[in-house]
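Q: Quick one: structure below, then a few questions.
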Amino acid sequence: MRPLHACIDVLVVGCGALALVTALSLYESHLEEKSVVDTTRAALSTIRAEVGIHSAIGDVELNEFGHPHQIDPSWFAEAPAKNLLATQSAPWVELALPGELDKNHPNDPTFRGGRGAMFWYNPVRGIVRARVPDQTTDESTLSLYEQVNGESWEN
């Protein structure tokens, strides 16, 4: 009876250890994802601030709506802000297509939509949005988009 009792004890301790390692791994993964989202939000804020500054001081050519025609990487001291949710080889900023100029959000908020750029810029409205990767469901994709951009998806 003793060897069977020892095997059961080892099995229980092993399952407990596995559950603990799994929980810690999930927690670490959650923290890493939160860090990536927070860093991308900060990058988006930096880009929005630069668009606002250049719109206000008018040191670049502005469109008839008072916004820069495009976002210039030279506006940033060291390097343009990056969307850490995107691959580093992704294009930086995508300009809104003609059918999107009257919208506050891109037609597709994911990297698969448009031309796969990290950010989307609507020069008519002076709006910058961060694109996000596809998630397991449309709802979770929109939730991530709203979390990163700080606004609800209402086109």
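The values are calculated or read from the model by the stated rules, or taken from the named source; none is laboratory data. As the structure is a prediction and not an experimental result, all values here were calculated from the model. Methodologically, a virtual Cβ is constructed for each residue, glycine included, from the backbone with ideal geometry; neighbour enumeration extends over all protein chains shown.
Q: Find all pairs meeting these conditions: Cβ atoms under 8 angstrom apart; at least six residues apart or on different chains; first residue within the stretch 61-88 and at positive phi; second residue surrounded by 11 or more Cβ atoms within 10 Å (Cβ to Cβ).
A: The qualifying pairs are Gly66/Ser55; Gly66/Gly126.
Q: Would you be able to tell me the number of residues in the stretch 103-114 that are under 23 Å from His67 (Cα atoms) and crowded, with 19+ Cβ neighbours inside 10 Å?
A: Total satisfying the criteria: 4.
Q: Out of Pro68, Pro73, I need the residue that is surrounded by 18 or more Cβ atoms within 10 Å (Cβ to Cβ) and out of contact with any Cys (no Cβ under 8 Å at 6 or more places or on another chain). Which one?
A: On inspection, the qualifying residue turns out to be Pro68.
Q: So if I check each of Glu50, Glu28, Glu61, Glu78, which one is of a type in the set (Asp, Glu) and either modelled with pLDDT of 95 or more or within 20 Å of Leu144 (Cβ to Cβ) (or both)?
A: Testing whether each residue is of a type in the set (Asp, Glu) and either modelled with pLDDT of 95 or more or within 20 Å of Leu144 (Cβ to Cβ) (or both) leaves just Glu28.
Q: Could I ask something else about it? Step by step: first the residues of the stretch 137-153, then only those that are under 15 Å from Glu33 (Cβ atoms) and among the hydroxyl-bearing types (Ser, Thr, Tyr), then the one that is surrounded by the most Cβ atoms within 10 Å (Cβ to Cβ). Which residue is that?
A: Once the filter is applied, the top-ranked residue is Tyr145.
Q: If the requirement is being buried (at least 18 other Cβ atoms within 10 Å of the Cβ) and in contact (Cβ under 8 Å) with a residue 60 or more places away in the chain, which of these qualifies: Ala117, Ala130?
A: Step by step, each of Ala117, Ala130 is checked, and only Ala130 is buried (at least 18 other Cβ atoms within 10 Å of the Cβ) and in contact (Cβ under 8 Å) with a residue 60 or more places away in the chain.
Q: Taking the stretch 141-155 on its own, how many of its residues are among the hydroxyl-bearing types (Ser, Thr, Tyr) and in contact with a helix residue (DSSP H, G or I) (Cβ under 7 Å, 6 or more places away or on another chain)?
A: 1
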